[in-house]
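In what follows, a structure is listed as structure tokens, so that the remarks can point back to it.
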Amino acid sequence: MDLTGSEFYTQAAHLLHPVVYTTAAILLLCLLAVSVSYIYQHSLIRISLKGWHMLVNLCFHIFLTCVVFVGGISQTRNASVCQAVGIILHYSTLATVLWVGMTARNIYKQVTKKAKRCQDPDELPPPPMLRFYLIGGGIPIIVCGITAAANIKNYRSRPNAPYCWMAWEPSLGAFYGPASFITSVNCMYFLSIFIQLKRHPERKYELKEPTEEQQWLAANENGEVSYQDSMSLSLISTSALENEHTFHAQLLGASLTLLLYVALWMFGALAVSLYYPLDLVFSFFFGATCLSLSGSFTIVSTGWMSSSHRS
């Protein structure tokens, strides 16, 4: 049926259910509090540089997704605004799952880290954090740019649609395919970390890299001391910890964040695309997921701050 020129969805943008706005506001406040805490109290929080960048960027992109969804998903009257909403949601969603993936990969590398030899003077230093930003932000920008350059109308969903997103066919290759692949890779990393921790329960903490002098003294006194052996010590000075949370806690936080974010995205999409009473049901599911995600970020933030003050 040709609905062009009909009265469907030509009225002012409809409002979402109040529970969506209320719970989204709580989530945004929690994300903002976590970000501000980690930025302004960075020197007091015992977290690695990589972990700090990943967590702050993860909070930012979840914040961006939630703001644009709540404020712009139903702005269908203005084509330019609607297309901008679709592009930003496309970018922020891909960026979020990528930052979760890099967090999982970082945990996996730390868990499986081998004993470090004395560094060769000619050895190149580790690559800068720029590569993480090129992956977490660069890949989504490239995908969105190609999709928009192919046809900007890909981001208008369909004529007279009640929400701002993407047309179905372009979204399969530009969003659902990549997002599903990245999420699958993230789950594989989580499973690999879980298996490693089950096989080696003594690996609990991420420690700071020893200096060359410390490595030399340890090698002379005790022979070769591996990185895993140092993680198995029952009594470790907090000053030697790179991250004060255990690997189990980091794995739980990353996997729970991915699970809740995927659920949040799905419930939000169903809440705006279905009709009464299903839209009401999924609006409450969206709100419950918002509160769960808010609680998880708040617990992580307060846990870091309290442990840092104790140290």
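The values are calculated or read from the model by the stated rules, or taken from the named source; none is laboratory data. Note that the coordinates shown come from a computational prediction; the quantities given were computed from them, not determined experimentally. Heads up: the accessible areas ignore ligands, DNA and RNA and are worked out on the full protein's heavy atoms, side chains in. Shrake-Rupley method; radii C 1.70, N 1.55, O 1.52, S 1.80 Å.
At a glance:
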{"read-out": "With every protein chain in place, segment 41-112: carbon and sulfur % of accessible area (1.4 Å)", "value": "63"}
{"read-out": "Gyration tensor (alpha-carbon) shape descriptor, segment 140-181, a/c threshold 1.5", "value": "oblate"}
{"read-out": "Computed accessible area, Cys82, all protein chains, 1.4 angstrom probe, square angstrom", "value": "0"}
{"read-out": "With all protein chains modelled, accessible area of Ile88 [1.4 Å, Å²]", "value": "60"}
{"read-out": "Accessible area per residue in Å² at 1.4 Å probe, computed on segment 41-90", "value": "39"}
